[in-house]
Each structure stands twice: as C-alpha cells, then as structure tokens.
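*Asks:* I have a structure I would like to understand better, so I am pasting it below and will then ask my questions one at a time.
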Amino acid sequence: LKPSEMVFIRHNFRDNILVLDDKTSYGYHQNYDAVITNRKDVWLGQGTADCGTVIISDSKNSFVALVHCS
C-alpha cells in the first residue's frame, strides 16, 4: 500500500457519490458518502466515527464501492 495510490473520502451525510474513473486524482476527497470504481490501481478509504462502512463488490462486473452508513 502506497499513500500515493489511495483515494480517501470524508462523508457529509448526503447522497454524494464519487465515481472514481481514470481522470479522478488520488488523494483526499471531501463531501462524499460513497465511492465506486472499477480501477485496479487504487486503494479506497473513508473516515468514520460512530457510523459504519458497507463494502460492496462484484467480481463479475469488476467493481468495488465503499458506502458511509449512519
């Protein structure tokens, strides 16, 4: 895991979803409650406090998502 290959989202209790494509930069992204991607060259992370994180994946369609749940 290299920090330079990570995308980290910070929630805002809304329905904003970061669709991570090949034009999206690595690093910290504010005000998203979910991130979804089919990229294989990136690590996903999100901040939580007393809320949970749901991880969704589909190997057939080759995607993964993190969803902030309150």
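Since every read-out is calculated from the coordinates, none of them should be taken as a lab result. Bear in mind the structure is a predicted one, so any value in this text is a computation, not a measurement. When we count neighbours, we look across all protein chains shown, and the Cβ atoms used for this are built from the backbone with ideal geometry, even at glycine.
*Asks:* Against the condition farther than 16 Å from Pro3 by Cα, among the acidic types (Asp, Glu) and without any contact (Cβ under 8 Å) to a residue 40 or more places away in the chain, how does Asp41 come out, does it pass? Lay out the reasoning, then the answer.
*Replies:* On the way: farther than 16 Å from Pro3 by Cα: no; among the acidic types (Asp, Glu): yes; without any contact (Cβ under 8 Å) to a residue 40 or more places away in the chain: yes.
In short, no.
*Asks:* Name the pairs: first residue in the stretch 27-38 and more than 12 Å from His68 (Cα to Cα), second residue of a type in the set (Ser, Thr, Tyr), Cβ to Cβ under 7 Å, at least 6 apart or on different chains?
*Replies:* Correct list of pairs: Asn38/Ser62.
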